[in-house]
Amino acid sequence: MRIIISPAKKMIVDTDSFPPEGLPAFLPRTERLLSALRSMSPAALQALWKCNDAIAALNVERLAAMDLSRSLTPAILSYEGIQYRYMAPTVFEQSQLDYIRTHLRILSGFYGLLRPFDGVTPYRLEMQAKLAVDGCRDLYAFWGGTLAEALAAETNLVVNLASKEYSKAVEPHLPASVRFLTCTFGEEKGGKILEKGTACKMARGQMVRWMAEHGIDRAEDLRNFDGLGYAFSPAHSTESNFVFLKGDT
């Protein structure tokens, strides 16, 4: 089993909690992306990033000083989004850290596929960014089947706790021998399942924590998740999509 999650836009540097255990697997590709970004003007970068002036200025400075091999933060500590706050890896016990080391993978437009303790530096590059590199029209084409191939070499079950923006960099390229299981968190209203962005991120983080606490390694055991008031809904679920609803038993 491998769990895939999205990164977060907000990143920090933490070189004190615990050291990185290695470098990202696709660093040569990351170096090509870095070169492409450095060749762009500040205005073009801001348009690519779709952000305000302050965020653009910060990330232009980061690009100029970026070192992909020094002063790195373990990936699991570097992201500060809602999902990561609910996962709360900084208070994991050793057994939970060991679990995510084996089972968790973070998708990234810049780094491709990260293990939790790979060393990273703050960057801004979403997977859906229209960055043309190496003759590829965007990052989906740039990464191609690389990320799916890496996952397929490790497991025959991918548990998808990533957003659609990131999961579509993997799912279309997986071989039929690998089961791709998405977990959906929502509420039923008017016969429809409604997903809310913030609530989904909270639930995804909580599920990673729950899986680490319980040492989950079978798809069937995911049905027992009951964090944040969610419960597995057999009526709405399929083999490729486990649906969890608020207040549904």
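Most simply put, the chain has about 45% antiparallel DSSP beta bridges, counting only bridges with both residues inside it.
Region 91-152 and region 36-56 have Cα centres spaced 21 Å apart. For ILE3, the residues whose amide H sits under 5 Å from its own are LEU104, ARG105, VAL159, ignoring neighbours fewer than 5 places away on the same chain, with H placed 1.01 Å from N.
When +1 charges are put on Lys and Arg Cβ atoms and -1 charges on Asp and Glu Cβ atoms, the dipole computed for the chain relative to its Cα centre reaches about 640 debye. Counting only the Cα atoms, the chain fills a convex hull of 132 Å³ per residue.
Is the shape of region 173-219 best called rounded, prolate or oblate, per the rule: a/c under 1.5 gives rounded, else a/b larger than b/c gives prolate, else oblate, with a ≥ b ≥ c the square roots of the Cα gyration tensor eigenvalues? Oblate. What does the C-alpha gyration tensor say about the overall shape of region 1-106? Classify as rounded when a/c is under 1.5, otherwise prolate if a/b is larger than b/c, or oblate. Judged from the Cα gyration tensor, region 1-106 comes out prolate (a/c at least 1.5, a/b above b/c). If R0 is 41 Å, the Cβ-Cβ spacing of ALA47 and GLU21 corresponds to a FRET efficiency of close to 0.70. For region 42-127, GluC sites (Glu not before Pro) meeting the loop criterion (DSSP other than H, G, I, E, B) and having at most 16 other Cβ atoms within 10 Å: GLU80, GLU93. For region 217-227, backbone phi angles converted through the Karplus equation (6.51, -1.76, 1.60; θ = phi - 60°) give residue-by-residue couplings of 9, 10, 4, 4, 6, 4, 4, 7, 4, 9, x Hz, Gly and Pro being listed as x.
Working from label points 7 Å from Cα in the Cα-to-Cβ sense, the ARG101 to GLU213 distance is 2.2 nm. Looking at region 61-106, the pairs of alpha carbons with a distance over 13 Å make up 65% of the total.
The alpha carbons of region 107-249 stretch over 50, 31, 31 Å along the principal axes, in descending order. Projecting the Cα atoms of GLY119, SER240, PHE18 onto the charge dipole of region 2-246, computed from C-beta unit charges around the Cα centre, puts SER240 farthest toward the positive end.
Any read-out appearing in this document is the output of simple, stated calculations on the displayed coordinates, not a laboratory observation. What you are looking at is a predicted structure, and each value in this text was computed from that prediction instead of being measured. FYI the Cβ positions are ideal-geometry reconstructions off the backbone, even for glycines, and counts take in every protein chain you see.
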